[in-house]
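None of the figures in this text is laboratory data; all of them are computed from the coordinates on show. For clarity, every value in this text was computed on a predicted model and none was experimentally measured. Here Cβ is always computed from backbone atoms with ideal geometry, including for glycine, and neighbour counts include all displayed protein chains.
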Amino acid sequence: MRIAYDHQAFCLQKTGGISRYFCRLAEELALTQQVGIFAPFYRNQYLKALSKALVHGYPVNDYPPKIAGLFVGANAMLSSPLMRAWQPDVVHETYFSFKATGPAPLVSGAKAACPRVVTVFDMISELELEAKKEAATDLEVSAKFAAVSRADHVICISEHTRQDLLRLFNIPKQKTSVIHLGCDVPQFAQTNPVAVQNHPRPYLLYVGLRGGYKNFARLVKAIAASSQIRHEFDLIAFGGDAFSEQEQALIQQLGFAPSQIRQQAGSDQELSRLYSEAAAFVYPSTYEGFGLPPLEAMAHNCPVVSSHRSSMPEVIGSAAEFFDPESIDAMTFALERVLFSTERADELRQKGQARLKEFTWQRCAQETLRVYKELIFSSGTD
């Protein structure tokens, strides 16, 4: 089978979860299928690390900021004829656009275009529109709606995301599948022993952006509500931008000592070490399309304390201490239950190791390949 991936994720992202997903998928599928990624001039770091036999394009360091959009558009124009000439059996669009890439849609008397697949990772923007009481038509003027509508099949990365998609876009359920992501088991702890961090006190770890539904402010307040946690633990927020003035004011207002709550950025190796040495990983988000960080924490044998909202119970199973993300008291209680109980922390580590086995890229690729094969069989283009 000839499987084509378009340029979008690899031109829009230098790094990021979406482009990493497609690179891992392509790597696994290339073991048994013919895979082509069509990105004429790409800036994605993960794609640069893939076998050159898979990539139809050339790496660039970056696009000039003022004309980055022109480069993305140029990639769209250049990649479509390359993909058509390659004659794929199936096209998987790597992000959302108003116009299809690759083989043209059906025209009168012409051979049917090959089946088209798109992956939906979350419905956060659409839920925000809904919360603002925007008109239903506003949901239908987006590139995401256009991509989902023209796709022959839509992969959702969690059942929760699928339910949001079905309700908000009103598409047939039989046009969708749920395929969970894989999680890379890290090797940095074994291969990079020099990267030991110096932390004077034990710490909780938070990973990612912090605004809005990520619920970071409530986490800070939950820690402040426990004199025992405040006395014994720091909080490290990895990733995102430096603390805003509003965040700094909150931290100061709650009486935290200097550097007790700190933001840190760095490489995957540094994040891996932080996971490995953290007393617990905390995930207070009120919404996630999937949520890889808890699985990454499990891969580092780090106990997980998580919100019980959206896709989190689906992904995490019983391998976390759950809490209501809108209740500061519930969050504080859950943190104390793990941080001050060796037995509970060890139990969560064991459950995390077992849960992690269900989220491999091999399984993700096999289930995705099954979708491709069923589409090709039903379209009669095989």
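Observations, loosely collected:
- Choice from Asn215, Asn75, Asn170 with maximal GNM fluctuation in the chain (Cα, 10 Å cutoff): Asn170
- For the chain, the dipole from Cβ point charges (+1 on Lys and Arg, -1 on Asp and Glu) about the Cα centre works out to 880 debye, to the nearest 20.
- Here Leu29, Leu129, Leu47 are placed in order of increasing Cβ neighbour count within 10 Å, fewest first, which gives Leu129, Leu29, Leu47.
- Top of Leu235, Leu209, Leu70 by mean-square fluctuation, Gaussian network on the chain, Cα under 10 Å: Leu70
- Using a cut-off of 30 Å between Cα atoms, the listed pairs Lys99/Lys214; Lys132/Lys357; Lys99/Lys175 include Lys99/Lys214; Lys132/Lys357 as exceeding that distance.
- The magnitude of the dipole of segment 188-356, with charges of +1 and -1 set on the Cβ of Lys/Arg and Asp/Glu and taken from the Cα centre, is near 80 debye.
- Counted by neighbouring Cβ atoms within 10 Å, the residues Phe323, Phe98, Phe121 run from fewest to most as Phe98, Phe121, Phe323.
- For the chain, alpha-carbon Rg and Dmax in angstrom: 22.2, 74
- Loop sites in segment 1-86: trypsin sites (Lys or Arg not before Pro), DSSP, at most 15 other Cβ within 10 Å: Lys52
- Since only Ala330, Leu295, His7 are under comparison, the one whose Cα sits farthest along the positive direction of the charge dipole of the chain, derived from C-beta charges on Lys, Arg, Asp and Glu, is His7.
- Anisotropy class of segment 188-356 from Cα gyration tensor, a/c 1.5 cut: rounded
- GNM flexibility winner over the chain from Lys133, Lys173, Lys221 (Cα, springs under 10 Å): Lys133
- Hits among lysines - C-alpha to C-alpha of Lys48 under 18 Å, sequence gap 8 or more where chains match: Lys14
- Residue-wise HN-Hα couplings along segment 319-328, as the Karplus relation 6.51 cos²θ - 1.76 cosθ + 1.60 with θ = phi - 60° gives them from phi, are 8, 8, 8, 8, 8, 6, x, 9, 10, 5 Hz; Gly and Pro carry x.
- Sorted by Cβ density within 10 Å, fewest first, the residues Val60, Val117, Val315: Val60, Val117, Val315
- Put a plus charge on the Cβ of each Lys and Arg, a minus charge on the Cβ of each Asp and Glu, and nothing anywhere else: the dipole of segment 1-79 about its Cα centre is then about 140 debye.
- For the chain, excluding the exposed loop sites themselves (GluC sites (Glu not before Pro), DSSP loop, at most 16 other Cβ atoms within 10 Å), the longest remaining stretch covers 141-325.
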